[in-house]
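One structure below.
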Amino acid sequence: MPPEHEQVSVVTALIPTGRRCPVIYVGMDIHKSFIQACAMDSKGNVLKEQKIETEEISEFVKPFKNHAIKAAIEPTCNWYHVYDALESMGIDTVLVNARRTKVIAESKIKTDKLDALSIAHCLRTGFIAKSWIPSKNIRELRNIVRHRLALRKEMTRAKNRVHSILLRNGIKHEYSDLFGKRGMQFLRNLELKGSDKYRLQSYMRIVESLMEEKQRTDNKILQLCKMDENAMLLTSVKGIKYYSAMVIVSEIGDIKRFPNSKKLCSYAGLVPRTMQSGNHVYHGRIIRECNQNLKWMLNQCVHSHIRFCKESQVTKLYYRVMRKKGKNKATVAASRKMLTIIWHMLTKGEEFKCKG
């Protein structure tokens, strides 16, 4: 019997001599410090199960080097380096959409072994829902623009702390931008006592540091935008600047993976849920399982666009829907229209024309 503290479990079944298994299916349940891997043949027989690290992947698949290997991994926070390692070994690898792969998502008993086994089994039977794997270039762009988004969120948190200190002390101001040049001078001249004085100074230093870092990141994104043809094409749309363009381009990725604009709008969560039973068709609220960054950025761009381009199709649609159903639904409708236009622009390589 192995020691109770031993966590590595290996089950190996030798492939019968003279009977070559054409494909080996490998499922991987990825965690921060280890990977639970399961190898299975085309008949569903488990050939090997083991808890490994990324550096041990090549050793895990070594017994199957004479066979075609297909692998499936879950999109955890650290899937990038695992995918790169598998790709470098020439292993055909797919990314699992766990929400749509019901065997994994709705499992009543969840263990690392069962998850890896389920992934391998779904891959073998062809019932696995795949997620698109962006290229290294797109991943690099996403990392930069999402870093800028994270800085904005951190800055908002710090600014909200400053506002709470002012409210706590009953201090009012008339600045439209409290963290502009005059607003910051106002905050420096405040005479507070005790811990509130220290906290205010501390949060002001944090805000100033984040603003400087945000500016550096903006400069980096501007340089990347000027080298990206698709991003520069999108800047021809009023309301879409270089940062907005880079978010949209990086989140969409390869436009060719969307055969039509409806697929792209669905990816951005700008289409309603559709439920059909017999002759009855019901359209519900817009779907939530979507690319939230793309959806948020489109909503922001729409509000800028309607101020600068009064005669565009997007603006006319926004005000038409707003009069009937309100601003929220108008924003969704206009965002979908804008994204449809973006699909045509990126597909055909054409600039945006405001009128029409």
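The values are calculated or read from the model by the stated rules, or taken from the named source; none is laboratory data. Worth saying up front: this structure is predicted, and the values here are computed from it rather than measured. Note: ideal-geometry Cβ built from the backbone for every residue, glycine included; neighbour counts use all protein chains shown.
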- Answer with yes or no whether V8 is of a type in the set (V, I, T), at pLDDT 90 or above and either outside any helix (DSSP H, G or I) or buried (at least 20 other Cβ atoms within 10 Å of the Cβ) (or both). no
- Task: Scan region 244-260 residue by residue and report those that are part of a helix (DSSP H, G or I) and surrounded by fewer than 20 Cβ atoms within 10 Å (Cβ to Cβ).
- Result: I255, K256, R257
- Scanning region 62-93 residue by residue, the ones that are outside any loop (DSSP other than H, G, I, E, B) and of a type outside the set (V, I, T) total 17
- Out of the residues in region 39-61 that are modelled with pLDDT of 90 or more and in a helix (DSSP H, G or I), which is nearest to L123 (Cα to Cα)? V61
- Item | Pick from region 186-200, criterion more than 18 Å from E154 (Cβ to Cβ) and assigned to a helix (DSSP H, G or I), ranking: modelled with the lowest pLDDT | G194
- Note on the structure: A careful count of residues in region 292-343 that are surrounded by 14 or more Cβ atoms within 10 Å (Cβ to Cβ), under 23 Å from S236 (Cβ atoms) and touching a residue at least 40 places away in the same chain (Cβ under 8 Å) gives 23
- Query: So how many residues does region 129-159 have that are outside any helix (DSSP H, G or I) and exposed (fewer than 15 other Cβ atoms within 10 Å of the Cβ)?
  - Reply: 3
- Go through region 176-201 residue by residue and tally those that are surrounded by 13 or more Cβ atoms within 10 Å (Cβ to Cβ) and either in contact with a strand residue (DSSP E or B) (Cβ under 6 Å, 6 or more places away or on another chain) or more than 20 Å from Q215 (Cα to Cα) (or both). 9
- Message: Consider region 43-67. How many of its residues are surrounded by 13 or more Cβ atoms within 10 Å (Cβ to Cβ) and touching a Cys at 6+ places or on another chain (Cβ under 9 Å)?
- Response: 7
